[in-house]
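Remarks on the structure that follows.
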There are 2 protein chains.
Amino acid sequence: MLLSLAGVNVHVVDKRETKVATGQADGITPRTTEVFQNYGLGDRLLREGCRVHMALSRRAPGITAPSARYPIDLALHQGAIESISLDSLRTRGVELSNDAAELADPTAYPVEVTLERLIPNGTIHHEVVHAKSVLGVDGKWPEIRLWVRNAFDIAMEGEQTEFIRGVLDMVPDTDFPDIRNKNLIHSNNGSCLLVPREAERIRIYIQIADADVCDPKTGRVDKDRMSPEQLLEVRSTEVSLPLFANPTNGINWWTSYIIGQRIAAKYSANNRLFIAGDACHTHSPKAGQGMNASMNDSHNLAWKFAYVLRGWAPMSILSTYESERRKYAQDLIAFDKIYATLFSRKPVTKENLKGVSHEQFLKTYQTFGGFTSGIGVHDDQSVLINGNTYPTLVCNMVVGERVAPQDLVCAADSTPYNLQDFLPSDFRFKLLVFTGDFNEPIQTQKIQALVKSLEQPESFLNKCPRERFDITTISRGNKLEFDYRKVPQLLRPHWSKVLLDDTDVSGTIGGKGYAYYGIPDEGAFVVVRPDGYIVMIIPLDGSGEINKYFAGFMNV
Amino acid sequence: MLLSLAGVNVHVVDKRETKVATGQADGITPRTTEVFQNYGLGDRLLREGCRVHMALSRRAPGITAPSARYPIDLALHQGAIESISLDSLRTRGVELSNDAAELADPTAYPVEVTLERLIPNGTIHHEVVHAKSVLGVDGKWPEIRLWVRNAFDIAMEGEQTEFIRGVLDMVPDTDFPDIRNKNLIHSNNGSCLLVPREAERIRIYIQIADADVCDPKTGRVDKDRMSPEQLLEVRSTEVSLPLFANPTNGINWWTSYIIGQRIAAKYSANNRLFIAGDACHTHSPKAGQGMNASMNDSHNLAWKFAYVLRGWAPMSILSTYESERRKYAQDLIAFDKIYATLFSRKPVTKENLKGVSHEQFLKTYQTFGGFTSGIGVHDDQSVLINGNTYPTLVCNMVVGERVAPQDLVCAADSTPYNLQDFLPSDFRFKLLVFTGDFNEPIQTQKIQALVKSLEQPESFLNKCPRERFDITTISRGNKLEFDYRKVPQLLRPHWSKVLLDDTDVSGTIGGKGYAYYGIPDEGAFVVVRPDGYIVMIIPLDGSGEINKYFAGFMNV
């Protein structure tokens, strides 16, 4: 979907013939909702999803990342989310050329994929696709994961855990007062996680004792030994639940699984074959990160693909996909180990003073709030991330992190807008010019000097096609007085592109944006990547630094 | 559209063959946006419309009704608004039966309408429709207005004014800094109103000197003497504008008109033929009320039609349409006279100290803010409005006015909701039970007594089918502690129907709702009509009054 929006010719292959109707991944973290909104799809997601505000069995806000634009978890079944993207096909067979020259040529098609499709009459249709790149993202079926990584010759590092879990979706018949909140029920006999979902349903994750699902002869996990009724049985007898949650319409979906905490040794081969999502990292679903990690992998890669395929940047920028996203997966697995272990331990009681207390859960949950919400994800220094030049100029914007949401008002018509909505994932670099206050003569001079330098022949704006950049100016000023024509024409390509740090006419939306971001009186110039991540923060007289930054990777 | 949503069989006839592509009515006041939202259409209207926040040539918030949920004027051409409702046909000929028995029989079809439609081959197709009722709403063409009222034998009261105006839509080529705000330009040589619109356009209303458009031989207005170029000429030479607003893409739409300030002597005949909108009231378009008045006429009538046609209420409730909406039109015309006169007078200058000052305009604008936004509309006492029983029980809710917007949180899952979204125009009466604080034993007792009385055989809930009522409970309480099961089952038909007067988990939405509405500690019971207007406010022990109220008009 992301690549299609970028105008890239995409061929999607999937083992499944139809969309997923129930179950599967469903937790959508606040950052993923922000990303959907950047593609213009956040409203629909918010409309269709079940909003989860409260979490844990002692009520507390479910999201503890203060800057989240959408401070809620959303729950929506994977099929509904897939409806917001693509239809599906099936696949087998990948050949990658060994010719170094062909591999290095951005215009070549060195990947050969052989697709097999079962036709309704029972015969198999073969199709050979020649591609510039292939991205493997699947993960549901172990054999597919294996196939994707084998085809790419990529090993998995890490190990399977001994934690076995069952999971099911149902409409509960209950009078438990917190059934519409996210609940962790942690008892002496086991733990259980409840997450409310759309259509009156809840999802229950249940810890299974090994004996329940292991074949006594082989000692191995045997999924055929389980049924959803047995899962509920485990819940009722093993876990002392403060609720009565019988299904009213049967079980909508269920499965069981062994948690693996593993990560692919590499994420790509020759910058031609890539893997993303469950194909390259597995972990427990407790923290609700699986689908979100996958989507953010693709979000990170999509614009880079588009730049390379359009000839706007060299293939080498694709290496940053692995450096940025493999680090994230490592952090995720480290977090998952802490979290899954807490889950599997017994609770603190008079008899077991070393058990896990609710306070420990809450503290862990809150400590990692920025991470689990997806908000605190931070990319390290690379050819695409320049965080070294002025690290403390803007104290609450961090190079390598996304731009936090903030309401500002349009100078020309006083309409309030969230700054994130000025950063759509449209594959342009966003240039945010925080001018400071035009009533200060020194700021006017600085802005004039900035415009002059941006108009020089060596300016990136003149060296690279203008279509790759989008300029928004954010000024200090009062909406009742400010004249947007004070902003030089170069910095206001349209009347709607001058924003003010002021409240809207109702006085309830916006205001104090400079303070929120920590923009100094002398202003700042902030460069944001097409995927919404800040890559550079410089003073208004630092445009030479931007020229160097873009010269580092952008084809002119 | 409103009737269709109510499940009423509707036949729409229109002289026009296609939707309006440009121009015509376009100003949507805050109350009309609230009404659209009650039909589930507010989001689309807000997405497609141009939002106007600032007004008058000295910047000031455009809307001065503090309780408006949407404190903006929206501008969107009539065709786009019509897309949100129906296709169109054509009409001629109405016959109304003279048989008193047939007229009084709610199941009879005493109206005969003959429709003529021009077929593409040039012949005329005749169709005779027998209807229970006919509603005439058109007003653009004087002959249609005349036809509608003649067919119904209804006279217009009031008079044509001598104010002649031109109006046009265009994309201006200008550097006027306030071009995206609503501007009143009032000069010694005339006045002019600018309103920003969608697609970069603005609308300009221009005062024309009589001589420009009158035939010198007859002394009568001759529209053929005008062209949009002449209108702009008037603007440029006669009005000393602080802007240069040449059209960049030609004139998108224009017209000229004489302002009439007139009102139909009656709004209906035999409760069978009704007129609404421009068919029954004409006034200047300056205050942007035309389309809004029409829509609110229909909104007032729709649910009453539905009740009568379904047999839920006697035909007599239709009489309240005229008593409620004709009073509104009278108020509108009184306002319009003040406003249009201000417009036509010269501004105050050194030479003309008796002229109109900007302060006078601002003051008039603000004084009538509640009225022009549609928020302050107030219906008088009738069989449907019972304002006499406890007039001061809830100090900031007014019987006869709409329920003001306020964010509350759902007790079960902490999702914030606007109370207006619990009052959809779905043709149910809404019963809002403000319980007070359940931690007060006296409140628990009162609620138990209320439930007991509502369960009695003589209770309206038992006498009338339950499908006509929708119950929402609003309690005082803390979202971290409140158990929604405290609310008796009768008052919570679903877990989502218990709201708390508390902020959401972010602490930014909601809170202080009891204080905002002025609900006393002892609680209150508020009855809201299907169109969102409050009809009764009583104490929790006053359910006998509600039985009387519904017995006054509702068929059991």
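The values are calculated or read from the model by the stated rules, or taken from the named source; none is laboratory data. What you are looking at is a predicted structure, and each value in this text was computed from that prediction instead of being measured. So basically every Cβ, Gly included, is an ideal-geometry build from the backbone, and we count neighbours across all protein chains shown.
Values for this structure:
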{"read-out": "Qualifying residue in the stretch A:457-476 (condition: over 31 Å from the mean Cα position of the chain (by Cα) and within 13 Å of chain B (Cβ to nearest Cβ))", "value": "no"}
{"read-out": "Test result for residue B:470, in contact with a strand residue (DSSP E or B) (Cβ under 7 Å, 6 or more places away or on another chain), charged (D, E, K, R) and surrounded by fewer than 14 Cβ atoms within 10 Å (Cβ to Cβ)", "value": "no"}
{"read-out": "Of residues in the stretch A:156-200 being within 14 Å of chain B (Cβ to nearest Cβ) and assigned to a strand (DSSP E or B), the one farthest from residue A:340 (Cα to Cα)", "value": "A:173"}
{"read-out": "Complete set of residues in the stretch B:483-501 that are farther than 23 Å from residue A:199 by Cα and away from chain A (no Cβ under 12 Å)", "value": "B:488, B:501"}
{"read-out": "Residue A:316 vs. criteria in a helix (DSSP H, G or I), surrounded by fewer than 20 Cβ atoms within 10 Å (Cβ to Cβ) and under 21 Å from the mean Cα position of the chain (by Cα)", "value": "no"}
{"read-out": "Residues satisfying the stated conditions in the stretch A:301-340, i.e. under 20 Å from residue A:28 (Cβ atoms) and either in contact with a Phe, Trp or Tyr (Cβ under 6 Å, 6 or more places away or on another chain) or basic (Lys, Arg) (or both)", "value": "A:301, A:325, A:335"}
{"read-out": "Residue match in the stretch B:385-405 (condition: farther than 30 Å from residue B:137 by Cβ, away from chain A (no Cβ under 14 Å), touching a Pro at 6+ places or on another chain (Cβ under 8 Å) and modelled with pLDDT of 90 or more)", "value": "yes"}
{"read-out": "Residue list for the stretch B:373-421, restricted to those being of a type in the set (S, T, N, Q) and touching a helix residue (DSSP H, G or I) at 6+ places or on another chain (Cβ under 9 Å)", "value": "B:373, B:382, B:386, B:389, B:396, B:406, B:415, B:418, B:420"}
{"read-out": "Count - residues of the stretch B:39-66 that are more than 9 Å from chain A (Cβ to nearest Cβ), at pLDDT 75 or above and in contact with a Pro (Cβ under 8 Å, 6 or more places away or on another chain)", "value": "2"}
{"read-out": "Contacts under 7 angstrom Cβ, first residue in the stretch B:477-491 being surrounded by fewer than 21 Cβ atoms within 10 Å (Cβ to Cβ), partner among the aromatic types (Phe, Trp, Tyr), 6 or more apart", "value": "B:486/B:438"}
{"read-out": "Given (1) modelled with pLDDT of 85 or more; (2) in a helix (DSSP H, G or I); (3) surrounded by 16 or more Cβ atoms within 10 Å (Cβ to Cβ); (4) in contact with a strand residue (DSSP E or B) (Cβ under 9 Å, 6 or more places away or on another chain), index of the condition residue B:306 fails", "value": "(4)"}
{"read-out": "Failed criterion for residue B:507 (all others in (1) at the interface with chain A (Cβ under 10 Å from one of its Cβ atoms); (2) touching a Lys or Arg at 6+ places or on another chain (Cβ under 7 Å); (3) free of Cβ contacts under 8 Å to residues at least 60 places away in the same chain hold)", "value": "(2)"}
{"read-out": "Unique residue being β-branched (Val, Ile, Thr), loosely packed, with under 14 Cβ neighbours inside 10 Å, more than 20 Å from the chain's Cα centre (by Cα) and more than 14 Å from every other protein chain (Cβ to nearest Cβ) when the list is B:364, B:349", "value": "B:349"}
{"read-out": "Among the candidates A:91, A:22, residue that is buried (at least 19 other Cβ atoms within 10 Å of the Cβ), at pLDDT below 70, assigned to a loop (DSSP other than H, G, I, E, B) and touching a strand residue (DSSP E or B) at 6+ places or on another chain (Cβ under 7 Å)", "value": "A:91"}
